[in-house]
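The block underneath contains the structure these notes are about, expressed in structure tokens.
The values are calculated or read from the model by the stated rules, or taken from the named source; none is laboratory data. Keep in mind the model is a prediction, meaning the values are calculated, not measured. Methodologically, a virtual Cβ is constructed for each residue, glycine included, from the backbone with ideal geometry; neighbour enumeration extends over all protein chains shown. Just so you know, the surface numbers come from the protein's heavy atoms only, side chains and all, with ligands and any DNA or RNA stripped out. Shrake-Rupley method; radii C 1.70, N 1.55, O 1.52, S 1.80 Å.
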Amino acid sequence: MRRTELFTKTSKTVPGDEVAKNAQLLIRAGFIYKEMAGVYAYLPLGKRVLDKIIQIIREEMDAVGGQEISLTALQQKDTWEASGRWSDDVMDVWFKTKLANGTELGLAPTHEEPLTRLMRTYISSYKDLPVYPYQFQIKFRNELRSKSGLMRGREFWMKDLYSFSRSQAEHEKYYSVMSNAYDRVFARLGIGDRTYKTFASGGSFSRYSHEFQTVSEAGEDTIYVHEAKKIAINEEVYTDEVLADLGVAREELKERKAIEVGNIFTLGTKFSDALGLHYTDEVGEQHAVYMGCYGIGPSRLMGVIAELFADDKGLVWPDNIAPFKVYLVNIGEQGTRMAETLYAALQSQGTAVLYDDRNERPGSKFADAELMGIPYRVTASDRLFGEQKYELTDRKNGAVTLLTADELLAKLR
Ligand code: ATP
Ligand code: MG
């Protein structure tokens, strides 16, 4: 893509009320647009990053048997009354609205109830189980505070997978398969080393649930990390009893600020009992379906990654989620000819390149390349025309190398 075709612009200023570093940088670099607190639009660069995060999660969910669906945002009251979660006293984040005829509706903050209800149409026998539907969807939550940019939206992207199993034993097997899939997702996103499987409260069907917490100064949670065992304990269950149960000592743990990027939770038969989701086993006996739910926040992840890797010049994306791999800059007339040739060659070999063909000073193009966090900047200039070389600059460490077109194409393939 050419910069002259990209409709967004970079900016030195941000909305005065934006205090979160991730949102400040993403707004300045033209990745997102702030509609209001906790509500952001994704612009071309931001949409590319979000889609790449989603694609990594999708591949890992498909690898463990996930079947992708898309449920509705508009929700009917009686589905949620069945579980007792329609009441604002029980679920305090509801956005509610009405049909023209006065019928009350809600905007889905999560999807246990509607999916459990939907599955009644398709699950009746043990032969129909287990099954693992999932989706990527915008959730709506009237969060009390929304000052952390993409990390806490009032409208945000969630991946939610729900497992429907025949028994607790079958559920537990899948639960650990999913836990491993989560490890792979966070490793692929470049935050595996600082993301801890964290013991949290489990509800009525299991002792613990597990949160995946990424250590970050911008985090809103406090966890206690055991580095050697690569686990952590959430503040809410940080008791002597739990420490003993997990075989860890207080002295071995470090208090850290962290942000929950995902969680896995045993639901048991809470929702299948409430909404009447049953199956008949091999001998004709009826049982409630045994459930689990598994959330990840793709938009929160985008904020976390933006914030964690940023430096004083701007964003620094890992290669596999960067909106483009290469930011190409032309300087001078002969440099422009070299840039045009390379642009065509990069495109034909499928390397995603943003070509800053604007009539701007080199310094401001370099600054934009850095602000946007594109992994590699390639400069084609009159100065290196004689040698027919290009300058390659690595965004992560600033290392500069001079390469021929062939060498560059091979390196950036
Ligand atoms: P938190 O304790 O941070 O509010 P939660 O327990 O409400 O999170 P879940 O309901 O389990 O979160 O949602 C699943 C995932 O969705 C979370 O792990 C997180 O990554 C993401 N998520 C939850 N709330 C938000 C939000 N307001 N903005 C962005 N992402 C969110
Ligand atoms: Mg919440």
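What's the percent breakdown of Cα-Cα distances in segment 2-157 across 5 Å bins, shortest bin first? Spelled out bin by bin, segment 2-157 gives 2, 8, 14, 15, 16, 15, 13, 10, 5, 3, 1, 0, 0 percent.
Look at where the Cα atoms of segment 1-77 and of segment 184-211 average out, and the two centres are 23 Å apart. Considering only ASP183, ASP319, ASP88, the Gaussian network model of the chain with Cα springs below 10 Å gives its largest mean-square fluctuation to ASP88.
In this Cβ point-charge picture (+1 for Lys and Arg, -1 for Asp and Glu), the chain has a dipole of about 1240 debye about its Cα centre. Other residues whose C-beta falls under 13 angstrom from the C-beta of GLY314 contribute a net charge of +2, scoring Lys and Arg +1 and Asp and Glu -1. Fully extending the segment from GLU285 to LYS147 would add 44.6 nm, taking 0.36 nm per residue of separation and subtracting the current Cα-Cα distance.
Taking label positions 7 Å along the Cα-Cβ direction at both VAL93 and ASP193, the computed distance is 3.1 nm, reported to one decimal. Summarising the overall dimensions of segment 326-412 from its C-alpha atoms, the Rg and Dmax are 11.6, 30 angstrom. In a fully extended conformation the segment linking GLU5 and PHE309 would gain 106.7 nm over its present Cα-Cα distance, using 0.36 nm per residue. Taking K and R as +1 and D and E as -1, what net charge do the other residues with C-beta under 13 Å from the C-beta of HIS111 add up to? Local net charge: +2. A run of the chain free of exposed loop cleavage sites, with GluC sites (Glu not before Pro) counted only in DSSP states other than H, G, I, E and B and at most 15 other beta carbons within 10 Å, reaches its longest extent at 1-216.
Heavy-atom surface analysis with a 1.4 Å probe gives the chain a carbon and sulfur content of 49 percent of its accessible area.
Membrane-span-like helices of the chain, defined as complete DSSP H segments with a Cα extent of 24 Å or more along the helix axis and a mean Kyte hydropathy of at least -0.5, are identified as 44-63. By the helix-only formula, in which each DSSP H run with n ≥ 4 contributes -39500 (n - 2.57) and the sum is divided by residues, the chain has a 222 nm mean residue ellipticity of -9000 deg cm²/dmol.
Here the extension length gained between GLU340 and ARG383 equals 13.9 nm, from 0.36 nm per residue of separation less the Cα-Cα distance.
For the pair MET36 and ARG207, label points projected 7 Å from Cα toward Cβ lie 4.6 nm apart. Selection among SER87, ALA108, GLN137 by position relative to the dipole of segment 1-145 gives GLN137 as farthest towards the positive end (Cβ unit charges, Cα centre). Highest GNM mean-square fluctuation among GLY332, GLY363, GLY295, for the chain modelled with Cα contacts below 10 Å: GLY363. For segment 1-87, the tally of Lys pairs with Cα-Cα distances below 29 Å comes to 13, considering only residues 8 or more apart or on different chains. Semi-axes of the equivalent ellipsoid for segment 10-309, computed as √(5λ) from the eigenvalues of its C-alpha gyration tensor and ordered from largest down, come to 31, 26, 18 Å. Taking ASN22, ASN101, ASN397 in turn, the Gaussian network model of the chain (Cα-Cα springs below 10 Å) assigns the largest fluctuation to ASN101. Among rounded, prolate and oblate, which fits segment 97-219 when a ≥ b ≥ c are the square roots of the eigenvalues of its C-alpha gyration tensor, a/c under 1.5 means rounded, and a/b larger than b/c means prolate? Here segment 97-219 falls in the oblate category.
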